[in-house]
Amino acid sequence: MLAQVSQLFGQDNSILGWILQLSWLLLFVVFMFYGQRIQTWNMLREVEGSLVRFKLMRDEGRKVAISTIKEVGKPQADPTAEVDRFLEYVALPPAEMDPAGIYWKLEHVLDVWDARVKDEVRHMAPEASEAEVNNLENLLGAALALNVYYKFVRHFYTLGKKTMSLYVIMQVQMALPLLMREAKAHLSALRASTEGQPIGDGAGALVAAKLMREYEKTRIAKDVVMAKVPLEGRTAFVLKAEGPGGNAGKPGDAIKRIIEENGGNIASAIIVDAGQKWEGEKVGEVIEGVGVAIGGIGIDRFKVDETVLKHRVPVHAVVIKEDLGDAISTMRKEIVDAADVAIDRIKRLIREGTREGDSVIIAGIGNTMGIGQ
Amino acid sequence: MSEETPTVARTNSFMVAIIFIAFALSFFALYQAMVAYVNQNPESGNSLLIMSLTGFALSTYFMLQAQRGAPKLILKPQRVATTILCEKCGFKNVREFQRGDYILKETENCPKCDERMLITSIHREVEKSESED
């Protein structure tokens with residue numbers, strides 16, 4: 001019998017040979033019954049390694065936020081405890097079961113959030129100017145995002161470890177490369193916000209800034225400035241968020257107000273914004289389209305949609321392509337150069353789509369940090 | 001800030017034991033393979049050699065996994081350039097970004113025509129690997 005089994009494995013009949021055979025058989029049985037568990041351990045180890053990276057990034061965000069607040073705001077007391085409290089802030093969306101009027105409810109929540117954060121920042125950094133308060137708000141936002149990424153991964157890691165469920169840990173393991181990419185983008189946003197440098201998201205604001213520079217500006221909505229600019233024989237109402245502090249303003253309110261104050265006599269509204277590029281597309285590529293090119297949660301887009309529909313104003317979009325990393329980190333040269341290309345496109349759209357003497361709206365959307373007007 | 005970070009053990013004794021056993025078995029299988037070849041038994045020799053190589057591959061893989069050091073966060077320094085332009089004479093100056101710079105800010109006077117110059121661009125220099133994205 002032993003000899004037959006031995007022949008089956010092509011082995012010598014020595015004791016050591018048998019030990020070897022049995023070990024391999026044992027290994028086979030272990031893999032058969034515990035294969036999934038071993039796979040789970042492996043995944044946990046991978047997530048564990050990434051979790052440490054997420055923690056390092058979160059700690060870096062916190063450290064940069066504290067040091068910048070100390071440097072810019074010159075507070076009397078140590079702001080560490082306040083920063084730690086801020087990093088745990090949450091904004092809870094309104095109930096969605098009855099969706100009627102949800103945008104107004106959501107806008108209210110975000111307004112309260114914005115006011116609260118600004119108050120906190122002013123308290124933490126009493127010496128900061130208004131532009132610096134806006135930049136610090138951006139900085140704390142990036143640090144908060146890094147904390148959320150860390151806690152999200154930690155949640156699934158801990159849950160996976162507790163349950164040893166392959167499917168729990170797989171959820172986060174599969175998403176890790178994308179989460180890591182987004183976290184790294186927020187890490188680069190820290191630098192830009194610390195120094196008040198323009199970010200890729202401000203591409204639309206840069207276009208508007210270049211168009212309105214030599215003309216008188218008025219504040220038309222919360223944190224939004226507007227200038228009446230003669231362009232290609234038409235009157236262009238050019239608007240952007242008020243810089244150079246980091247904020248996006250309320251362009252939806254501004255566009256609505258301009259259209260209503262002109263009795264709906266707007267020949268065209270052209271909205272310029274940074275847009276998500278597909279992988280393989282070039283950064284700074286300028287494309288055109290129709291519709292309201294305003295990113296974010298959708299409140300401003302909703303307001304503009306309502307108004308342009310009411311007054312039948314044609315809406316055109318000029319989009320400057322970039323990915324998330326480019327959008328929240330310091331502006332790349334390709335994006336700066338794309339602003340001039342976008343201006344040429346706007347002029348062509350105006351020439352081709354409107355008549356001389358018409359009024360048009362040109363809205364430069366995006367975070368205007370590091371961009372004046 | 002609530003803190004309950006899972007403590008990450010980079011190597012554990014169970015892993016070390018597995019690696020040690022796998023290595024020992026692989027060495028032994030290699031020895032047995034050599035004995036089989038010397039005894040003119042190539043059939044056994046081949047299967048033992050395959051076992052040995054598989055064992056070495058597995059144990060090396062686990063060893064590398066166990067030896068993986070704690071990750072570090074390396075922040076590469078980023079160069080941000082500010083371009084200042086004199087709109088009157090076209091004089092252009094590119095310098096390192098300084099805190100307080102912003103696009104369309106009027107800065108120092110032009111060294112050529114003494115006109116106020118304007119910051120026309122602030123951008124980061126992108127590494128080649130990043131620019132290929």
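Below 15 angstrom from the Cβ of A:V292, what's the summed charge of the other residues (Lys, Arg +1; Asp, Glu -1)? Mind showing how you got there, number by number?
Working: positive: A:K250, A:K256, A:R301, A:K303, A:K310, A:R312; negative: A:D253, A:D273, A:E288, A:D300, A:D305, A:E306.
Here the charged neighbours net out to 0.
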Using the Kirkwood formula on the Cα atoms of the range A:44-195, what hydrodynamic radius do you get, in angstrom to one decimal? 16.9
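Might you report the magnitude of the Cβ-based charge dipole of the range A:44-195 about its Cα centre, with Lys and Arg at +1 and Asp and Glu at -1, to the nearest 20 debye?
860
How many percent of the alpha carbon pairs in the range A:200-364 exceed a separation of 27 Å? Intermediate values should be presented prior to the final figure.
On the way: 2186 of 13530 pairs.
I get 16 percent for the Cα pairs in the range A:200-364 exceeding 27 Å.
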With just the Cα atoms defining each centre, how far is the range A:81-118 from the range A:219-297? Give it in Å. 25
Full-extension gain in nm, A:W24 to A:E356, via 0.36 nm per residue minus C-alpha separation: 110.9 nm
Partner lysines whose C-alpha sits under 21 Å from that of A:K105, ignoring same-chain residues fewer than 8 away, are A:K118, A:K222, A:K250, A:K256, A:K303
Bounding extents of the range B:80-125 in its principal axis frame from Cα atoms, largest first in Å, are 28, 18, 13
Once you have the Kirkwood Rh of the range A:140-215 from its Cα pairs, apply Stokes-Einstein at 20 °C and 1.002 mPa s and quote D in µm²/s. 143
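Kindly provide the trypsin sites (Lys or Arg not before Pro) of the range A:326-373 that DSSP labels as loop, not H, G, I, E or B, and whose Cβ sees at most 11 other Cβ atoms within 10 Å. Please list the in-between numbers first.
Values: sites: A:R332, A:K333, A:R345, A:K347, A:R348, A:R351, A:R355; in loops: A:R355.
Passing sites in the range A:326-373 are A:R355.
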What is the set of long-range amide H partners of A:G291 at a cut-off below 5 Å, with H atoms built 1.01 Å from backbone N? A:V315, A:H316, A:A317
Taking only Cα atoms, what is the 0 to 90° angle, nearest 10, from helix A:15-68's long axis to the longest principal axis of chain A? 30
Helix A:130-163 sits at what angle to the longest principal axis of chain A, using alpha carbons and giving 0 to 90 degrees rounded to 10? 20
Cα-based helix-to-principal-axis angle, A:333-353 vs chain A, degrees rounded to 10: 50
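Let's test the formula: R0 of 41 Å, r as the Cβ-Cβ distance of A:M164 and A:A95. What FRET efficiency results, to the nearest 0.05?
On the way: r = 36 Å, r/R0 = 0.88.
With R0 = 41 Å, the Cβ-Cβ based efficiency is 0.70.
In the range A:18-123, what GluC sites (Glu not before Pro) fall in a loop by DSSP, with at most 14 other Cβ atoms inside 10 Å? Could you put the intermediate results ahead of the total?
Numbers: sites: A:E46, A:E48, A:E60, A:E71, A:E82, A:E88, A:E96, A:E107, A:E120; in loops: A:E88, A:E96.
Of the GluC sites (Glu not before Pro), the ones in loops of the range A:18-123 whose Cβ has at most 14 other Cβ atoms within 10 Å are A:E88, A:E96.
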At q = 0.20, 0.27, 0.28 Å⁻¹, base-10 log of I(q)/I(0) for the range B:13-67 (Debye sum, equal scatterers on each alpha carbon): -0.64, -0.90, -0.94
Under the classification rounded if a/c is under 1.5, otherwise prolate if a/b is larger than b/c and oblate if not, where does the range A:295-373 fall, given a ≥ b ≥ c as square roots of the Cα gyration tensor eigenvalues? oblate
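From the mean inverse distance of alpha carbon pairs (Kirkwood) and the Cα radius of gyration, derive Rg over Rh for the protein assembly as shown.
Working: Rg = 31.0 Å, Rh = 26.9 Å.
Answer for the protein assembly as shown: 1.15.
Please sort by residue number the GluC sites (Glu not before Pro) in the range A:237-304 whose DSSP state is loop and whose Cβ has at most 13 other Cβ atoms within 10 Å. Mind showing how you got there, number by number?
Working: sites: A:E242, A:E260, A:E261, A:E279, A:E281, A:E285, A:E288; in loops: A:E242, A:E279, A:E281, A:E285.
Sparse-neighbourhood loop GluC sites (Glu not before Pro): A:E279.
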Cross-link reach list, aspartates and glutamates versus A:K217, counting only Cα pairs under 15 Å and skipping chain neighbours closer than eight places: A:E242
Give the lysines whose C-alpha is closer than 21 Å to that of B:K72, dropping any in the same chain fewer than 8 places away, or say none. A:K55, A:K63, A:K151, A:K184
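Readers should treat all values here as calculations from the given coordinates under stated rules, not as data from a laboratory. Just so it is clear, the model here is predicted, and its values are computed rather than measured. Positions of Cβ are generated from backbone atoms using ideal geometry, with glycine treated the same way; all protein chains shown enter the neighbour counts.
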